[in-house]
Every structure is written in C-alpha cells, then in structure tokens.
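This report refers to the structure that appears directly beneath it.
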Amino acid sequence: MSLNISEENLSTYDNTNKKTEEIVVRQYDEEKDKLAVEELEGQCDFGQRGQPSLFTDLMGDPISRIRNLPLHVMLVAEYGNDGDIVGVIRGCIKTVTRGNNGSTPCPVYVKIAYVLGLRVSSHHRRLGIGTKLVENLEEWSKINGAKYAYMATDSSNEASIKLFISKCNYAKFRTPSVLVQPVHAHYKPVASDIAIVRVSPQLSESFYRRIFANSEFFPKDIDHILDNKLNFGTFMAVPKKTLLNWDPKSGSFPTTFAILSVWNTKEVYKLQVRGVSSLKYACCLGTRVLDSWMPWLRVPSIPNIFKMFGFYLLYGIHMEGKDGPRLMKSLYALAHNMGRNDKECRLLVSEVGFDDPIKEAIPRWNKFSWGDLWCMKKLDVNELSKDDNWMESQVSNSSSVIFVDPRDF
C-alpha cells in the first residue's frame with residue numbers, strides 16, 4: 001500500500017499555539033519507530049483507575065490490527081525537541097454498504113475510513129495530540145477517497161467520546177452490543193438432530209452477499225476476508241432431516257438454518273486482564289479446577305484471562321426459520337468446542353446491532369459483555385453525492401443489522 005500524502009499535509013499547524021507547534025505528525029517508520037511505539041503501547045491499559053484493566057499485546061507488530069486491509073496507515077506524533085513519540089493512531093479504508101431500505105434492488109456502497117488504535121502518552125495529555133492525530137488521519141482518508149470516517153469505543157469511555165464528538169465533530173451513529181461467552185473446560189454437546197455443514201469460501205461469499213445486501217458496513221471485499229488464513233471457516237447448521245431435500249452446493253437456502261464464520265484474532269494480538277485481587281483470582285481458579293476435574297457437571301468456569309490469551313470472533317451471524325435460535329446455539333457450541341481445543345483461546349466474541357433480533361439467540365455472559373458506540377463523520381461536508389443521506393435519513397430508517405468486519409476488531 002502506498003501512502004499518497006505529503007509531509008506538508010501531515011504537519012500543518014497553527015503557529016500561534018506553542019503547544020501545537022511542537023507536535024509533528026508523520027507516517028510510522030517500522031525500522032525507526034517500532035521500539036518507541038511498543039513502549040508507548042505498553043503504558044496504555046484500558047480500564048478505570050482502581051479497577052481491573054485490559055492490556056493489549058500486539059506481539060511485536062504495531063500494525064497487526066490493520067495489516068489485513070489493503071489500504072491502511074499508521075501515524076505517530078512526535079513532541080518536543082527530542083522528537084519523542086507520544087501518540088499513535090491507525091486507520092484503514094474500505095468500501096462497505098451504507099444500508100438499503102429496499103428502495104433499490106442492489107446494495108449501495110460507499111468508501112469509508114475506520115479510525116482505531118489511538119494512543120497518547122499519559123504524560124502528554126491535554127496538549128492537542130489526540131486531536132492532531134485524528135485530523136491528519138482524516139486528511140489521509142480524504143486524499144484516498146473516503147467519504148466518511150467512523151470509530152468505535154466502549155460506550156462508557158467518556159474521554160474517547162469527548163474527543164471525537166466535542167473536538168473532532170463526530171456524531172453518535174450506532175450502538176451495537178459486544179457479546180462475550182467464556183470458553184469452559186467442559187465440552188458443549190450439539191443436538192443429535194442437527195447437522196453442521198462447513199461451507200466453502202466461494203459459497204459463503206454468495207450466501208453473505210445475499211443475506212447482508214441491505215445491511216450496513218458489509219465489506220465489498222468479503223471474498224478476501226473469507227479467503228484469509230485467519231478465517232477458520234464458515235459453518236451452517238440445519239435440521240438433519242433438511243439434508244434429504246437440500247444440496248448445499250445448489251446455492252439455495254434451506255427453509256430454516258443458522259450461519260456464522262469464525263475469525264482467529266489470537267494471531268493478531270493477545271489480551272490480558274490486570275489488577276484483579278488475589279481473592280477473585282483464587283475464586284476463578286477454583287471454578288476452572290472443578291470444571292476440569294468434573295466436566296460432566298458443566299460448571300460455568302471462568303477461563304484464565306489473567307495471563308495472555310486470545311479469542312475467536314464470530315461474525316456473519318444470521319438465522320432464518322422457526323428453528324433458527326436453536327440452530328444458532330448449536331453453532332456457538334461448535335465454536336466453543338473449537339476454542340476448548342485451542343489452549344490460547346479463552347473467549348468467544350460477537351458484535352451485533354442493538355436491535356438485531358439475532359441478539360437473543362447468542363449465548364453470552366452479561367458480566368463480560370458491553371455496549372459499544374460507533375461515531376461517524378462526513379469528511380467533505382461541501383461535496384454533494386448520492387450517499388449524503390446516510391447519516392441523516394438512515395438514522396431512523398436504517399436496518400437493524402450491522403455487519404462487523406473481523407479485520408476491524
């Protein structure tokens with residue numbers, strides 16, 4: 001990927017502001033910046049003061065979270081005469097659906113930028129560094145053809161929300177739910193009258209393009225996702241009796257089914273929960289020991305999330321027909337057992353629209369789950385185009401279905 005932005009575009013500041021004058025934003029240079037960025041990332045745990053925090057380990061690859069998108073960039077902020085790296089931001093551009101209420105027979109696509117991985121050193125806050133990083137990423141996005149930019153954050157992250165809404169003029173857009181299920185030591189059975197079929201990437205692409213044609217954020221390059229080595233496969237659950245009258249290779253849908261894909265995020269980054277009391281740690285350990293010794297009890301054990309761990313992201317989640325919820329639960333049992341056989345996988349994670357009916361069929365622990373907030377901004381307010389109404393008329397008339405790109409997670 002070539003970065004079509006000049007150093008001048010990356011460093012245009014108000015010379016009357018001394019604090020801003022000392023900030024230089026430029027493209028990340030792996031050979032020059034890797035160690036400094038890793039040190040900065042290591043200082044940034046997520047969590048409230050006095051509460052357990054979540055640490056992210058990018059495993060020696062600062063651009064791992066955007067590497068799987070063809071058009072991406074990472075910017076760093078230098079501050080002071082020594083040029084210390086005090087902030088980073090990542091971004092990528094892709095073409096996605098903007099939702100369709102059925103007024104047109106074909107999906108409506110728009111080019112959009114995703115903003116992620118914003119970090120600012122705790123010793124250099126309130127200097128405008130975060131704002132400058134966002135502004136420069138937006139400039140890069142516009143130069144590369146993006147019409148909108150969006151970001152996602154925990155709905156309780158007041159600092160992030162304040163930065164993007166109050167200072168960068170983003171608007172609250174969608175409030176999806178992140179649903180988390182622990183991977184236990186015991187095996188989850190699949191009902192004997194349910195068949196689970198592995199669907200080829202080519203057929204999965206065909207299915208998904210039809211299923212999510214009217215959804216929001218469905219990526220045009222879904223074929224690249226399904227062919228990616230991080231994709232463990234797409235699986236469809238159907239009643240066994242359906243197999244007598246349905247050929248998966250025909251391209252048609254059975255009368256009732258559930259479908260999802262499994263993405264291996266643990267090869268991109270790992271997580272660790274820090275700051276838990278000794279008593280809580282001991283209680284969690286006790287549940288795992290009991291579950292391991294007596295798996296037939298199916299104790300809802302808490303996995304060891306206090307050491308580095310990975311998780312599987314389940315995406316492309318859809319169901320139809322009267323047996324849909326039961327079939328969906330069987331797919332989650334399959335994914336759970338896949339994670340159970342993987343020593344590094346401790347959680348199953350899904351993200352769906354707040355009002356998506358499928359939400360009720362997804363197994364999760366509410367204590368581990370949370371509400372997300374997606375904020376969006378139109379990058380060129382002066383440009384008139386056919387997609388101008390996405391943030392306006394679609395707010396009330398949008399589909400409840402959001403497709404979550406696993407590369408964004």
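The values are calculated or read from the model by the stated rules, or taken from the named source; none is laboratory data. Note that the structure is a prediction, hence the values are computed from the model and not measured. All Cβ positions, glycine included, derive from the backbone under ideal geometry; neighbour counts span all protein chains shown. Just the protein is used for accessible areas: all its heavy atoms, side chains included, with ligands, DNA and RNA removed. Shrake-Rupley method; radii C 1.70, N 1.55, O 1.52, S 1.80 Å.
Per-atom-type breakdown for the chain gives carbon and sulfur 51% of the accessible area (1.4 Å probe, protein chains only).
Dipole of the range 342-383 computed with +1 at Lys/Arg Cβ and -1 at Asp/Glu Cβ about the Cα centre; of GLY353, SER369, LEU379, farthest Cα towards the positive end is SER369.
Loop exposure criterion: GluC sites (Glu not before Pro), DSSP state outside H, G, I, E and B, at most 11 other Cβ atoms within 10 Å. Applied to the chain, the longest stretch between such sites is 1-382. For the chain, the longest principal axis of the C-alpha atoms and the axis of helix 324-340 are separated by about 70°. What do you get for the angle between helix 201-211 and the principal long axis of the chain? Use alpha-carbon atoms, 0 to 90 degrees, nearest ten. Taking the Cα atoms of the chain, the angle to 201-211 is about 80 degrees.
Evaluated with a Cβ-only charge set (Lys, Arg +1; Asp, Glu -1), the chain carries a dipole of roughly 1580 debye about its Cα centre, given to the nearest 20. Computed with a 1.4 Å probe over protein heavy atoms only, the accessible surface of the range 178-287 comes to 45 Å² per residue. Against the main long axis of the alpha-carbon atoms of the chain, helix 278-293 sits at an angle near 30°. Heavy atoms of the protein chains alone define the surface here; on that basis the range 300-358 has 38 Å² accessible area per residue at 1.4 Å probe size.
Please find, in a Gaussian network model of the chain (springs between Cα atoms separated by less than 10 Å), the residue of SER250, SER122, SER215 whose mean-square fluctuation is greatest. It is SER250.
Using 7 Å Cα-to-Cβ label points, what is the GLU39/LEU290 separation (nm, one decimal)? A separation of 4.6 nm, rounded to one decimal place. Sparsely packed loop sites in the range 269-323 (the trypsin sites (Lys or Arg not before Pro) outside DSSP H, G, I, E and B with at most 14 other Cβ atoms within 10 Å) comprise ARG298, LYS307, LYS322.
For ASP29 and ALA191, the FRET efficiency from 1/(1 + (r/R0)^6), where r spans their Cβ atoms and R0 equals 41 Å, is about 0.15. Given the options GLN51, GLN181, GLN27, state which has the largest fluctuation in a GNM of the chain using a 10 Å cut-off (strictly under) for Cα springs. Taking springs between Cα atoms under 10 Å, the residue moving most is GLN51.
Beta bridges from DSSP with both residues in the chain: antiparallel share about 90 percent, rounded to the nearest 5.
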